[in-house]
Amino acid sequence: MYNWKEQRDKKAFLALADGTVYPAWSFGAPVDRLGEVVFNTGAPGYEEILTDPSYAGQIVTLTAPEIGNTGFNAPDFESALIRAEGLIVHRYNEPSNWRSERSLAETLAKAAVPALAGIDTRALTIQLRNKGTPKGYLCATGSITQEEGVARARAWAGLDGQDYAQKVSVKKPYVFDPDNTMSVTWGSADEPLPDAEIPIVAYDFGIKFNILRRLRQQGMSVTVVPAATPAANVLAMDPAGVFLSNGPADPAALGYAINNIRALVGKVPLMGICLGHQLLGWALGGRTRRLKFGHHGCNHPVKELASGTVEITSQNHNYMVDMETLDTGAVEVTHINLNDNTVEGMRHRREPAFSVQYHPEAAPGPHDSRYLFHRFKQLILEA
């Protein structure tokens with residue numbers, strides 16, 4: 001990846017809707033993409049980030065200065081495809097790791113996903129924090145002018161009011177890991193897998209493999225269903241519990257999911273993560289609102305109010321549940337973000353249902369919050 005002329009000329013660029021342009025050089029697929037530009041503060045984990053369906057519709061800026069050293073490895077995928085619209089880094093490196101199967105550049109090119117390097121990601125991140133999440137146009141081909149790139153960014157519809165969940169969801173139901181080969185890491189489990197004795201249904205709004213692994217490691221047999229599956233169909237499967245997954249874009253656009261979840265409350269134990277948390281908030285009568293620049297990273301401090309314990313968490317979301325719109329007589333806040341005091345967890349006071357805004361499966365990220373999957377299991381067993 002030593003095309004010095006291309007790196008020097010910087011014919012590629014990132015154009016933002018406010019008119020800002022960052023010249024760059026391309027190291028991914030030679031295609032151009034529109035997307036919402038966000039930053040992720042995680043140092044490791046670009047493989048999991050890029051394959052997380054929650055990043056559909058977004059161009060991800062990585063704040064770590066050097067990216068690519070670990071290459072790309074199939075066991076680290078969080079879904080079957082790269083879901084991010086594009087990648088922005090400061091410096092791209094060829095892989096130098098014993099696990100590497102192929103380079104990041106090769107993987108992106110094969111997946112038809114563009115990436116830019118040579119950008120001052122510190123300056124870009126400061127701009128995103130100060131001005132909020134912008135619409136952007138990633139021009140890897142250099143085939144249009146910077147002014148045209150800005151115009152295209154401004155003309156794009158953006159993610160507000162958009163249903164991206166059905167774009168990334170499965171098309172038909174399936175049982176996760178029936179032969180127990182995917183519920184381990186690098187070919188070995190942290191401990192022997194328990195028998196899959198607890199049947200649950202997981203709504204796929206953009207679910208990650210590591211969430212499914214954590215559920216399986218709690219002794220659950222997980223049937224994954226498409227995002228728009230009617231609640232009646234789910235209940236007909238007689239699950240012991242229902243899981244509401246993470247996913248991309250705006251929860252307010254998923255009216256069908258909100259109605260389905262509302263029909264499930266009180267009928268079966270529920271657990272939600274990220275988008276699933278937001279949808280549960282809507283189903284319980286609340287609303288969501290957009291954060292200025294979202295939470296994306298592996299080091300967000302979250303406090304569990306009941307115990308006072310502080311967890312370091314992995315997060316990826318641009319919207320939040322507005323607790324001022326919820327009936328606090330029916331819904332209790334269980335976790336808060338210590339950076340900005342936003343709601344990170346809630347539970348229904350009378351029905352077996354709880355959710356968290358962050359990602360306890362931690363891929364990438366710390367493992368402080370894995371206990372929540374066991375809590376879901378206990379909720380099911382006590383129902």
Go through the stretch 100-113 residue by residue and turn each phi into a ³J(HN,Hα) via Karplus (6.51, -1.76, 1.60, θ = phi - 60°); whole Hz please, and just put x for glycine and proline.
4, 9, 7, 6, 4, 4, 5, 5, 5, 4, 5, 8, 6, 10
The set of residues whose placed amide H lies less than 5 Å from the amide H of Ala115, leaving out same-chain residues fewer than 5 positions away, is Phe27, Gly28, Ala29, Leu87
Check the straight Cα-Cα distances from Lys267 and name the lysines below 24 Å, setting aside those fewer than 8 residues away within the same chain.
Lys172, Lys377
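When the chain is fully extended, how far beyond the present Cα-Cα distance does Ser100 get from Asn299, taking 0.36 nm per residue of separation?
Using 0.36 nm per residue and subtracting the Cα-Cα distance, I get 69.1 nm.
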Taking a cut-off of 27 Å between Cα atoms, list the lysines near Lys131, but don't count ones fewer than 8 places away on the same chain.
Lys10, Lys11, Lys292
Check: C-alpha center the stretch 44-59 vs C-alpha center the stretch 307-351, spacing in Å is 24
Under the Karplus relation with 6.51, -1.76 and 1.60 and θ = phi - 60°, whole-Hz ³J(HN,Hα) for the stretch 124-130, x at Gly and Pro, equal 5, 5, 4, 5, 5, 5, 6
Modelling each spin label as a point 7 Å along the Cα-to-Cβ direction, I'd like the Asp322/Leu193 distance in nm, to one decimal.
4.4
Relative to the first principal axis of the alpha-carbon coordinates of the chain, what is the inclination of helix 146-155, with its axis defined by its Cα atoms, in degrees from 0 to 90 and to the nearest 10?
20
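Evaluate the relative contact order of the chain (contact order divided by residue number), counting alpha-carbon pairs under 8 angstrom at least 6 apart; express in whole percent. Please report the intermediate quantities before stating the final value.
Working: 947 pairs, mean separation 57.7, N = 383.
Answer for the chain is 15 percent.
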Which whole number in µm²/s is D for the chain by Stokes-Einstein, with the Kirkwood Rh taken over Cα pairs at 10 °C and 1.306 mPa s?
75
For Lys167, give me every one of the lysines with a C-alpha distance below 24 angstrom, ignoring sequence neighbours fewer than eight places off in its own chain.
Lys110, Lys135, Lys208
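Can you give me the relative contact order of the stretch 12-95 as a percent, contacts being Cα pairs under 8 Å and 6 or more apart?
Dividing the mean separation by the residue count of the stretch 12-95 yields 30 percent.
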Pulled fully out, how much extra length does the chain show between Val175 and Asp340, if you take 0.36 nm times their separation in residues and subtract their Cα-Cα distance?
55.5 nm
Which whole-Hz couplings ³J(HN,Hα) result when phi for each residue of the stretch 209-222 is put into the Karplus expression 6.51 cos²θ - 1.76 cosθ + 1.60, θ = phi - 60°, listed in order with x for Gly and Pro?
4, 5, 5, 4, 4, 5, 5, 4, 5, 8, x, 9, 9, 9
Taking H placed 1.01 Å from N in the peptide plane, check which residues at least 5 places from Glu344 or on another chain put their amide H under 5 Å from its amide H.
His335, Ile336, Asn337
Inter-label distance for Glu66 and Val31, nm, one decimal - labels placed 7 Å from Cα along Cα-to-Cβ:
3.1
Using only the heavy atoms of the protein chains and a 1.4 Å probe, how would Leu279, Leu81, Leu235 rank by accessible area, largest first?
Leu81, Leu235, Leu279
For the stretch 240-314, what mean projected area does the convex hull of the alpha carbons give, in nm²?
6.2
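Suppose the chain between Asp9 and Ser307 were pulled fully straight at 0.36 nm per residue; how much longer would it get relative to their current alpha carbon spacing?
On the way: separation 298, 0.36 × 298 = 107.28 nm, distance 5.56 nm.
Stretched out fully, the Asp9 to Ser307 stretch lengthens by 101.7 nm.
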Return the long-range amide H neighbours of Ala202 (sequence gap of 5 or more, or a different chain), with a cut-off of under 5 Å between placed amide H atoms.
Thr223, Val224, Val225, Phe243
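Using only the Cα atoms of the stretch 256-383, build the gyration tensor, take square roots of its eigenvalues as a ≥ b ≥ c, and label the shape rounded, prolate or oblate: rounded if a/c is under 1.5, else prolate if a/b is larger than b/c, else oblate.
Values: a/c = 1.61, a/b = 1.22, b/c = 1.31.
Here the stretch 256-383 falls in the oblate category.
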Thr145 paired with Asn73, simple spin-label distance in nm, labels 7 Å along Cα-to-beta-carbon:
4.8
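Remind me, relative contact order of the stretch 101-215 in percent, using alpha carbon pairs under 8 angstrom and six or more residues apart?
Values: 41 pairs, mean separation 23.1, N = 115.
Rounded, it is 20 percent for the stretch 101-215.
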Per q in 0.17, 0.20, 0.25 1/Å, what log10 I(q)/I(0) does a Debye calculation on the alpha-carbon atoms of the stretch 50-95 return?
-0.51, -0.71, -1.01
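The values are calculated or read from the model by the stated rules, or taken from the named source; none is laboratory data. What you see is a predicted model, and the numbers here were worked out from it, not measured in a lab. So basically every Cβ, Gly included, is an ideal-geometry build from the backbone, and we count neighbours across all protein chains shown. Heavy atoms of the whole protein, side chains included, go into the accessibility calculation; ligands, DNA and RNA do not. Shrake-Rupley method; radii C 1.70, N 1.55, O 1.52, S 1.80 Å.
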